[in-house]
Structure formats: C-alpha cells, structure tokens
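The values are calculated or read from the model by the stated rules, or taken from the named source; none is laboratory data. Keep in mind that this is a model prediction, so the values were computed, not measured. Here the Cβ positions follow ideal geometry from the backbone for every residue, glycine too, while neighbour counts run over all protein chains shown. Surface accessibility is based on the protein's heavy atoms, side chains included, excluding ligands, DNA and RNA. Shrake-Rupley method; radii C 1.70, N 1.55, O 1.52, S 1.80 Å.
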Amino acid sequence: MRELPRRDFLKLTASALLTAAAAAAAAPVAWAEKFYREPPWRRKKPYWGFCVDIEKCIGCGRCVDACKTENDVPREPFYVRTWVERYIIRKDNEIKIDSPNGGMDGYPPVENPETVAKSFFVPKLCNLCENSPCVQVCPVGATFKTEDGVVLIDRKYCIGCRYCIQACPYGTRYFHPILQVADKCSVCYHRLRRGKVTACVEACPTGARMVGDLSDPQSNVSKFRENNKVQTLKANMGTEPKLVYKGLDKEVR
Amino acid sequence: MKDIEHLLRVAAIFLVAIALFVAVRSVVKPESYGKLGRYRAAALDEIKALPVRYAGQQECGPCHKTQAREKAGSSHRGISCESCHGALAAHAAAPKTAKALKPEESSMRGFCLRCHEAAVSKPAKFPTVEGGKHNPDMACSMCHKPHSPKI
C-alpha cells in the first residue's frame with residue numbers, strides 16, 4: 001500500500017470534517033428557517049384569524065354592544081373588549097380621534113364637514129398576536145396562547161397584578177372591576193368552539209368584520225387575506241398579529 | 001481526605017432543597033398544568049363552557065320563515081336578525097317563556113338612523129338619509145318594511 005503523504009492526509013481529514021460539520025449544522029438551520037418563515041397556521045388546525053374591512057365599517061357600534069352582552073363586559077363603570085374609533089383628518093392635516101363610549105351610542109356630528117379631507121371608522125379588538133407581549137409578562141401563567149392561536153385568560157389563576165394591561169401595545173386589556181382579574185377580547189372562544197361566529201361578527205350589518213380558520217385556504221379569512229392588500233397595526237413591534245385590516249390609513253395607530 | 005465532608009454537606013443541603021421543591025410543587029401545581037402548554041389546561045374547558053347569548057342567524061329561520069325569506073331577498077340580507085332584535089339565544093331555545101323584543105315604533109327613527117344617518121365618516125356607497133329632513137315625525141316602518149326596506 002502506498003503511504004499517504006502527511007499533507008494530503010491532513011487535507012483529507014480537514015475536508016471530511018468540514019463536510020460533516022456543515023451537514024450537521026444545515027439540518028437544524030433548515031428546520032429553524034422553515035419553522036420561523038412558515039406561518040403558524042400551516043402547523044395546526046384550526047388556527048383562528050380575524051379580518052377587518054375599514055372601507056365597510058359604518059360606525060353603528062352594534063359590535064360593541066353585542067360584545068358587552070355576550071361576554072358580560074361591565075357597562076357601569078364602562079369598559080370595552082372591542083371599540084370603534086372615528087378618525088377625522090382635516091385638510092390642514094389636523095387629526096382628531098374619538099370613540100365616545102367605544103362608539104356604542106353613536107358619534108356626535110362632525111363640525112365643519114367641508115374642511116374634512118378624510119374620515120373613517122376603525123374597529124379595534126385583540127390583535128391575536130403570534131408573539132404576545134401580554135403572555136410573556138404574566139408572572140403566574142394565567143394568560144396564555146392556546147394551540148389554535150387565541151390568547152386567553154385563566155380567571156382562577158390571574159392575581160390581578162395588571163402587568164399584562166401595561167404590556168399590551170394595542171390597549172385591548174382592562175381590569176375587570178367585579179371579577180378583579182384582567183380581562184380581554186377572547187374572540188368569543190366559547191362561540192368559535194361551538195361552531196358559531198363571534199358576537200361582534202354576528203352583529204355587524206355590513207360584513208366589515210370576519211372571523212375564520214387561517215389553516216383552511218378556502219376559508220373567508222384566508223380568501224380575504226389573499227385577495228386584498230392587508231396590514232397589521234404596529235407591525236414594527238414584531239408581535240405578528242393575526243388581526244389584519246384592509247384600507248388601513250397610515251395615520252392609524 | 002477530610003475535605004470531602006464539606007462537599008457532602010453541600011450536597012446534602014442541595015438534596016434537601018430539591019426534595020422540598022418537588023414536594024411543594026406536587027401540592028401546588030394545578031392538575032392540568034402543562035398538558036397543552038405552560039398553562040392550566042382546565043381553564044380552556046371553563047372558558048368553553050361560558051354561556052352563549054347570541055343564537056346566530058341560522059337558528060331563527062326555521063321558526064320565522066316569512067321574515068327570513070323576506071330579508072334574504074332584500075338589501076338587509078347581510079344583517080343578522082339579532083343585530084336588530086338583540087341577543088335571543090334564550091328565546092330560540094324556549095320561545096314561549098323567553099319573549100323576543102322588536103324595536104318599538106316610538107324609538108324606530110333612532111334605531112334606523114343609528115345605521116342610516118348621513119355622516120362624512122361613513123363609506124360613500126352606504127345609503128344614508130338626513131334624519132332631520134327625511135320625513136321627520138314619522139316612524140321609518142310606516143313606509144319602509146324593516147325586513148325589506150326598498151320602497
């Protein structure tokens with residue numbers, strides 16, 4: 001047998017080791033890439049999503065009222081799980097946002113309508129964050145994301161520290177004055193699991209609100225996301241909401 | 001060789017601490033914790049069991065065929081019955097005992113105008129009227145049928 005020169009031996013070993021190391025490193029990287037690039041609803045069925053069509057909202061406030069009735073949200077003192085903001089953008093770029101009683105009882109007439117450049121309604125609710133700040137800060141694990149993508153509160157284990165209320169970038173949480181726990185939109189989880197739509201979707205007269213299963217490509221929300229230009233709120237925060245808006249003006253925060 | 005005693009003492013303290021932790025945890029930990037994630041799985045069942053107040057559009061049709069058919073052919077077709085009549089799950093389950101409400105004639109104008117009052121903020125395509133000018137002092141239902149409003 002011919003003897004292998006030392007230089008060749010070292011070269012061979014090094015290249016073999018490098019190839020093996022690269023192969024070993026590539027597998028988890030490929031897996032991680034797939035995991036983080038792929039939307040979560042490819043992994044779990046069903047996976048709930050919500051869409052709002054701002055161009056259809058007429059600001060009637062039926063959703064706010066329905067949500068309160070369905071979920072026993074306190075009327076006195078007044079709290080909301082969902083509310084509708086009215087944006088009034090004047091021609092001189094002055095912006096006014098109001099939401100008296102969450103929009104439940106209507107809005108006062110707009111003064112000087114001839115100076116209005118643009119005005120519209122923006123319904124707000126839980127943004128169904130994929131990376132929820134509220135879940136991360138809860139010290140007792142009382143707020144959590146379910147397997148089907150909904151953020152909920154365990155009322156028995158919530159200690160009422162209000163940390164999550166501070167953490168929510170969208171201001172959708174409040175402190176329930178009677179139960180003495182944090183409370184928030186649950187996208188009517190009890191209704192979804194019974195095959196019904198949320199109370200706000202049920203009450204919406206114009207179809208401006210939609211709830212559905214993102215894991216089903218034929219569902220109303222999947223179709224809506226596919227056929228329209230949709231945006232999320234505060235995208236720069238990396239919360240990756242599953243609540244998307246169509247016709248979102250750049251002034252909306 | 002005597003130094004090993006120190007190590008043993010530390011090890012003993014650690015063992016006791018771990019045993020204590022395991023004991024306390026087994027008592028304090030909620031039973032269903034960790035079954036689905038870092039939360040109490042039983043909380044999901046509690047949330048799922050919450051009562052439903054809105055029956056849903058599909059429940060009303062079988063008993064109220066006339067209204068359902070009338071509405072389905074009108075521009076109000078997209079509005080669910082309970083959007084106007086309020087939460088009626090109790091009524092749908094027991095129509096004799098739980099009475100359903102309908103908007104009264106005295107409050108009819110306010111009721112319809114909540115959606116139909118003209119305002120700059122509303123989408124331009126949405127049919128609106130100026131409540132103060134559109135046949136004031138008459139209930140909307142004198143001319144428009146609520147389940148089929150086109151005249």
Flag if A:Glu76 is closer than 22 Å to B:Pro51 by Cα, outside any helix (DSSP H, G or I) and in the same structural domain as A:Ser119 (by TED's automatic domain parsing): yes
Pairs where the first residue, in the stretch A:130-143, is at the interface with another protein chain (Cβ under 9 Å from one of its Cβ atoms) and the second is in a helix (DSSP H, G or I) and open to solvent by 30 Å² or more (accessible area, probe 1.4 Å), C-beta under 6 Å, 6+ apart: A:Thr143/A:Val135
Residue in the stretch A:124-135 that is touching a Leu at 6+ places or on another chain (Cβ under 9 Å), part of a strand (DSSP E or B) and over 28 Å from A:Glu251 (Cα atoms) present: no
Subset of the stretch B:34-66 that is within 8 Å of chain A (Cβ to nearest Cβ) and in contact with a strand residue (DSSP E or B) (Cβ under 8 Å, 6 or more places away or on another chain) - its residue that is surrounded by the fewest Cβ atoms within 10 Å (Cβ to Cβ): B:Arg38
Some residue of the stretch A:192-200 being assigned to a loop (DSSP other than H, G, I, E, B), closer than 25 Å to A:Asp53 by Cα and within 13 Å of the chain's Cα centre (by Cα): no
Selected residue (criterion: nearest to the chain's Cα centre (by Cα)) from residues of the stretch A:1-51 that are at pLDDT below 85, charged (D, E, K, R) and farther than 30 Å from A:Leu192 by Cβ: A:Glu33
Given (1) assigned to a loop (DSSP other than H, G, I, E, B); (2) within 14 Å of chain A (Cβ to nearest Cβ); (3) touching a helix residue (DSSP H, G or I) at 6+ places or on another chain (Cβ under 8 Å), number of the condition B:Phe111 does not satisfy: (1)
Residues within the stretch A:206-227 that are open to solvent by less than 30 Å² (accessible area, probe 1.4 Å), assigned to a loop (DSSP other than H, G, I, E, B) and farther than 22 Å from B:Ser80 by Cβ, tallied: 2
Test: residue in the stretch B:4-20 that is closer than 14 Å to A:Lys156 by Cβ, exposed (fewer than 10 other Cβ atoms within 10 Å of the Cβ) and β-branched (Val, Ile, Thr): no
Test set (1) within 14 Å of another protein chain (Cβ to nearest Cβ); (2) out of contact with any strand residue (DSSP E or B) (no Cβ under 6 Å at 6 or more places or on another chain) - B:His134 fails condition number: (1)
Subset of the stretch B:67-108 (residues that are part of a helix (DSSP H, G or I), open to solvent by less than 70 Å² (accessible area, probe 1.4 Å) and not aliphatic (A, V, I, L, M)): B:Glu70, B:Lys71, B:His76, B:Gly78, B:Cys81, B:Glu82, B:Ser83, B:Cys84, B:His85, B:His91
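Determine, yes or no, whether A:Val52 is closer than 29 Å to B:Gly78 by Cα, touching a residue at least 24 places away in the same chain (Cβ under 8 Å) and either of a type in the set (D, E, K, R) or in contact with a Pro (Cβ under 8 Å, 6 or more places away or on another chain) (or both).
The answer is yes for A:Val52.
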Subset of the stretch A:136-161 (residues that are open to solvent by 70 Å² or more (accessible area, probe 1.4 Å) and of a type outside the set (S, T, N, Q)): A:Pro139, A:Glu147, A:Arg155, A:Lys156, A:Tyr157, A:Ile159
Residue identified as within 11 Å of chain B (Cβ to nearest Cβ) and either in a loop (DSSP other than H, G, I, E, B) or touching a helix residue (DSSP H, G or I) at 6+ places or on another chain (Cβ under 9 Å) (or both) among A:Gly171, A:Gly160, A:Gly106, A:Gly149: A:Gly106
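One line per residue, one yes/no per condition, for (1) within 21 Å of the chain's Cα centre (by Cα); (2) not hydroxyl-bearing (Ser, Thr, Tyr):
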position	(1), (2)
A:Glu76	no, yes
A:Tyr79	yes, no
A:Ile88	no, yes
A:Asp105	no, yes
A:Pro139	no, yes
A:Ala142	yes, yes
Residue within the stretch A:214-221 that is acidic (Asp, Glu) and without any contact (Cβ under 8 Å) to a residue 60 or more places away in the chain present: no
Flag for B:Lys150 being surrounded by fewer than 17 Cβ atoms within 10 Å (Cβ to Cβ), under 24 Å from the mean Cα position of the chain (by Cα) and not aliphatic (A, V, I, L, M): no
Test: residue in the stretch A:89-96 that is at the interface with another protein chain (Cβ under 9 Å from one of its Cβ atoms) and in a loop (DSSP other than H, G, I, E, B): no
